[in-house]
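Visitor: Here you go, one structure.
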Amino acid sequence: MKRIGVLTSGGDAQGMNAALRAVVRAGLDRGAEVYAIYEGYQGLVKGGDAILPINWNAVGGILQMGGTAIGTARSAEFRTREGRVRAVANLIKNGIDGLVVIGGDGSLTGADTMRSEWSSILQELLDTGRISHAEFDKYPYLAIAGLVGSIDNDMWGTDITIGADSALHRITYAVDCISSTAASHQRAFVVEVMGRNSGYLALMSALATGADWAFIPESPPDVDNWEEKMCEVLKAGRRAGRRDSIVIVAEGAIDRNGNPIETEYVRQVLQDRLHEDVRTTILGHVQRGGAPSAYDRNMSTLVGVAAVDELLNATADSMPQLIGMKGNRVMRLPLMECVEKTHEINAAIKERNFTEAMDLRGRNYKESFQILRTLVRALPHDPKPGQRRLTLAVMTASAPSPGMNTAVRAAVRLGLDRGHHLLGVSNSFLGLINDDMRPFKWMDVDHWASMGGSELGTNRHVPSGKDFYAIARTIEERQIDGLLIIGGWAGYQSALHLLRERENFPAFQIPIICLPATINNNLPGSELSVGADTALNNIVDAVNKIKQSAVASRRCFVVEVMGKYCGYLALMSMLATGAERAYLHEEGVTLKDLYHDVKLLNTGFEHGKRLGVMIRNERAHPLYTTQFMSNLFEAEGGDLYEVRTSVLGHLQQGGDPSPFDRILATRYAYRCINFLEEEALAMKDNVACIGIQGSAYHVTPLEEIVRRYDVKYERAKEQWWMDLRPTAQMLAQPGPQYYHENGEKMW
Ligand code: ADP
């Protein structure tokens, strides 16, 4: 039997617990034994009771907790060979030859150093009689899988690290709060965020909150007198109507000569030159704290499971792998290459080789910085002489989805900055039908980055019959060259109608692009739609509160979530909350399922279980309704537990968009404006939608999307997230107390 060790090391990060839980449960599920190593490398060097077997139930109830349940520490001893010799001896004494390390680049470097010394250390241990010949032969190599726990998102090779999304939640919340007080007093604020060598948090929080300026280590201001430039932009912003100014500074921000740009200095500069009240907020450890976001829980869970599979498939020749994310997919990369490249970035910053630092950070990062530089402008660039200025119309369609306003803001500013005219269409297609629209000015969208709902107004009206005449007239009279539709299926469908009516209405021969924005995440062509992450966070928060409400009694909740026929929210919230069950329309619900679940609940509560959560998609079954299930469990549970239902309803659609949705909306909007501009300037008229598919962004023709849509059940025919079903099910399995001693299941 394989024996796996798991440790968390270095700075803690929200989501480490989710990863730990996944490693332990996936390990046990795959038939391995799992040992927790407490307090990082310190525990590994110490041995004894710092290395103990860990069971299924020990990682129950930790998913929603920040920090790490097995402790983390910095270990000076492990940096020495003698420390690592003791660490190896402890691994061997415990029979561990596979290690999952959850930590930052320091921790992962340490792991690799120990691995590379493995043979020589083994020899030393044999020669000094600390291990036997049998042990020497039994453990010829150490398999390693690294998961990056770092709120800074500073690791080369993976798009995101454990904790970064939660840290962004803390920052965007704080900056949103600061914005409203700053605007009331017409004040400027300087906000310092974490990131010594990585500007990720500063850059992304500036994008997400609509801040006015950001300083990041990898790309300092390109002039020496940046103070003047910054103040000019902020003053111009004020002249254009901004009531507040927010400057975000990464803790490692430097100028182009390598001198630190300190928060206090920025404050002084603003105070002296803007002659206004300037305050600073240093967010500090708040960014590391609190419950992990839904994304961090799920991402950390998936990489945790992948890390176990990596170890179980490892051979003597396997190199340590880093398990991270590329777009929307888990991927593995040689760990040492990632660490080395990360060190190269740090070195490039130190040597003031900023072009190289940005190149190493990758395309997405550079692109985001470029987008930010446009969005923070006080006014757009003047149009280039002789350039063709397009008129692009923007609308939101279908049900409101958090992040719609963020997308409109980004599209409007990016379009205006390129010299085009942007029209804001009111109330979806009704605005096109009734010619209800207005030209956007730069400052019209000033605070839209953080606003939920849709400022333009949105509805599900799909044009038909006479509508087409009216729309054609509006397009002709307004000379609209391209149309951006931000929304769900009603928007896609409307675009398709315009496409199909082209023979009758030549006015429709303009490029149209759809930007997926629906909390249901049911659209083909895009694995993630804007709004779904916010909805998921809303559900996760609600379930947390529901769970806490039940501390004093034994209770089972049947929680109904939205999604129409699409089970995305149900399954992903099951994964993120550790619920025991998700009922999906895709799978149907049978009497046998319910019988099984009753037995599971009853056995659980008989054995001391205090809480059960069953998540039901709103349309999982037409007859086995939420109330029906609740009644069934209530009747069958007898005195064992009480049952309550909770229909979460519209709270899922509301609220400020999550940072993830804001960033996604911005990136999608950027690609949509690129698409419309390229098409219109080339006199082309394709109709398409944007979306992330696997690890990359794709533009897919709408005709293709239609073929991939299940009209009856209003969802994509193939849904990528159904592949996560077995993992969600595996992690939610009841623990070993549900097995008889002979290994048979109790139900
Ligand atoms: P992080 O993992 O968050 O980057 P640190 O850099 O503090 O945090 O590393 C955590 C621990 O990993 C250190 O206390 C040390 O025990 C170990 N470690 C870091 N760098 C090395 C190294 N080069 N060689 C051996 N061990 C290291």
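The values are calculated or read from the model by the stated rules, or taken from the named source; none is laboratory data. Source: prediction; values computed, not measured. Note that each Cβ is placed from the backbone with ideal geometry, even for glycine, and that neighbours are counted across all protein chains shown. Remember, those area values only see protein heavy atoms, side chains included, never the ligands or the DNA or RNA. Shrake-Rupley method; radii C 1.70, N 1.55, O 1.52, S 1.80 Å.
Visitor: Here are the criteria: (1) part of a helix (DSSP H, G or I); (2) surrounded by 20 or more Cβ atoms within 10 Å (Cβ to Cβ); (3) at pLDDT 95 or above. Tell me which single one LEU600 does not satisfy.
Guide: (3)
Visitor: For region 441-455, state whether one or more residues are modelled with pLDDT of 95 or more, in a strand (DSSP E or B) and surrounded by 20 or more Cβ atoms within 10 Å (Cβ to Cβ).
Guide: Scanning region 441-455, I find no residue that is modelled with pLDDT of 95 or more, in a strand (DSSP E or B) and surrounded by 20 or more Cβ atoms within 10 Å (Cβ to Cβ), so the answer is no.
Visitor: Related question: When you scan region 101-119, do you find a residue that is farther than 22 Å from VAL308 by Cα and open to solvent by 10 Å² or more (accessible area, probe 1.4 Å), even just one?
Guide: Yes, region 101-119 contains at least one residue that is farther than 22 Å from VAL308 by Cα and open to solvent by 10 Å² or more (accessible area, probe 1.4 Å).
Visitor: Could you give every pair whose Cβ atoms fall below 8 Å, whose first residue belongs to region 233-254 and is at positive phi, and whose second residue is among the charged types (D, E, K, R), counting only separations of at least 6 or pairs across chains?
Guide: Cβ pairs passing all conditions: GLY241/ASP446.
Visitor: Let me ask something additional. Only one of HIS585, HIS607 is open to solvent by 20 Å² or more (accessible area, probe 1.4 Å), over 27 Å from GLY15 (Cβ atoms) and at pLDDT 95 or above. Can you tell me which?
Guide: HIS585
Visitor: Only residues that are touching a residue at least 24 places away in the same chain (Cβ under 8 Å) and closer than 30 Å to PRO320 by Cα: list them for region 363-389, please.
Guide: ASN364, TYR365
Visitor: Select from region 95-116 the residues that are out of contact with any Gly (no Cβ under 7 Å at 6 or more places or on another chain) and either within 8 Å of the ligand (Cβ to nearest atom) or part of a loop (DSSP other than H, G, I, E, B) (or both) and list them in ascending order.
Guide: Across region 95-116, the qualifying residues are GLY95, ASP97, ASP105, THR109, GLY110, THR113, MET114.
Visitor: Specify which of the listed residues (THR396, THR406, THR374) is open to solvent by less than 10 Å² (accessible area, probe 1.4 Å) and in a helix (DSSP H, G or I).
Guide: Answer to the check: THR406.
Visitor: Looking only at region 176-201, count how many residues are closer than 12 Å to GLN287 by Cα and open to solvent by less than 10 Å² (accessible area, probe 1.4 Å).
Guide: The total comes to 3.
Visitor: Need pairs with beta-carbon distance below 6 Å; first residue outside the structural domain of LYS592 (by TED's automatic domain parsing) and within region 620-639, second in a loop (DSSP other than H, G, I, E, B); sequence gap 6+ or separate chains.
Guide: Within 6 Å, no pair qualifies.
Visitor: Still on this structure: Of everything in region 59-94, what is open to solvent by 30 Å² or more (accessible area, probe 1.4 Å), within 13 Å of the ligand (Cβ to nearest atom) and more than 25 Å from the chain's Cα centre (by Cα)? Give them in sequence order.
Guide: ARG74, ALA76, GLU77, ARG79, THR80, ARG81, GLU82, ARG86
Visitor: Would you confirm, using the coordinates I've provided, whether TYR697 is assigned to a loop (DSSP other than H, G, I, E, B), open to solvent by 40 Å² or more (accessible area, probe 1.4 Å), aromatic (Phe, Trp, Tyr) and at pLDDT 95 or above?
Guide: No, not satisfied.
Visitor: Could you tell me whether region 163-179 includes any residue that is part of a loop (DSSP other than H, G, I, E, B) and not basic (Lys, Arg)?
Guide: Among the residues of region 163-179, at least one is part of a loop (DSSP other than H, G, I, E, B) and not basic (Lys, Arg), which makes the answer yes.
Visitor: Same structure, new question: Pairs, please: C-beta under 8 Å, at least 6 apart or cross-chain, first residue part of a strand (DSSP E or B) and open to solvent by less than 40 Å² (accessible area, probe 1.4 Å) and in region 30-58, second small (Gly, Ala, Ser) and within 12 Å of the ligand (Cβ to nearest atom)?
Guide: ILE37/GLY43; ILE51/GLY43
Visitor: Can you confirm whether SER553 is touching a residue at least 40 places away in the same chain (Cβ under 8 Å) and farther than 26 Å from VAL59 by Cβ?
Guide: It is false that SER553 is touching a residue at least 40 places away in the same chain (Cβ under 8 Å) and farther than 26 Å from VAL59 by Cβ.
Visitor: Given the conditions (1) over 34 Å from the mean Cα position of the chain (by Cα); (2) touching a residue at least 40 places away in the same chain (Cβ under 8 Å), report the number of the one that ALA470 does not fulfil.
Guide: All conditions are met except number (2).
Visitor: Restricting attention to region 321-336, which residues are within 13 Å of ASP105 (Cβ to Cβ) and touching a Leu at 6+ places or on another chain (Cβ under 6 Å)?
Guide: Answer for region 321-336, where residues must be within 13 Å of ASP105 (Cβ to Cβ) and touching a Leu at 6+ places or on another chain (Cβ under 6 Å): LEU322, LEU335.
Visitor: Counting only residues that are aliphatic (A, V, I, L, M), part of a helix (DSSP H, G or I) and open to solvent by 10 Å² or more (accessible area, probe 1.4 Å), how many does region 306-333 have?
Guide: Result for region 306-333: 2.
Visitor: What's the total number of residues in region 658-694 that are basic (Lys, Arg), within 19 Å of the chain's Cα centre (by Cα) and assigned to a loop (DSSP other than H, G, I, E, B)?
Guide: Result for region 658-694: 0.
Visitor: Turning to a different aspect of this structure: Looking at LEU372, LEU416, LEU423 in this structure, which one is farther than 20 Å from GLY452 by Cα and over 30 Å from the mean Cα position of the chain (by Cα)?
Guide: Just a single option satisfies the conditions, and that option is LEU423.
Visitor: Now for a separate question. Within region 409-430, how many residues turn out to be more than 23 Å from THR666 (Cβ to Cβ) and in a helix (DSSP H, G or I)?
Guide: Count: 2.
Visitor: So THR128 clears everything in (1) open to solvent by 60 Å² or more (accessible area, probe 1.4 Å); (2) within 13 Å of the ligand (Cβ to nearest atom) except one condition, right? Which one?
Guide: So the condition that THR128 fails would be (2).
Visitor: Sticking with this one: Confirm whether LEU335 is in contact (Cβ under 8 Å) with a residue 60 or more places away in the chain, within 25 Å of GLN693 (Cβ to Cβ) and not basic (Lys, Arg).
Guide: It is false that LEU335 is in contact (Cβ under 8 Å) with a residue 60 or more places away in the chain, within 25 Å of GLN693 (Cβ to Cβ) and not basic (Lys, Arg).
Visitor: Also, quick follow-up: I'd like the full set of residues that are of a type in the set (D, E, K, R), within 16 Å of the ligand (Cβ to nearest atom) and under 22 Å from the mean Cα position of the chain (by Cα), limited to region 2-58.
Guide: Once the filter is applied, which keeps residues that are of a type in the set (D, E, K, R), within 16 Å of the ligand (Cβ to nearest atom) and under 22 Å from the mean Cα position of the chain (by Cα), region 2-58 yields only ASP12.
Residue-by-condition table, conditions (1) of a type in the set (Ser, Thr, Tyr); (2) open to solvent by 10 Å² or more (accessible area, probe 1.4 Å); (3) within 23 Å of the chain's Cα centre (by Cα):
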position: GLN479; (1), (2), (3): no, yes, no
position: GLY482; (1), (2), (3): no, no, no
position: PHE505; (1), (2), (3): no, yes, no
position: ASP533; (1), (2), (3): no, yes, yes
position: ASN537; (1), (2), (3): no, yes, yes
position: VAL561; (1), (2), (3): no, no, yes
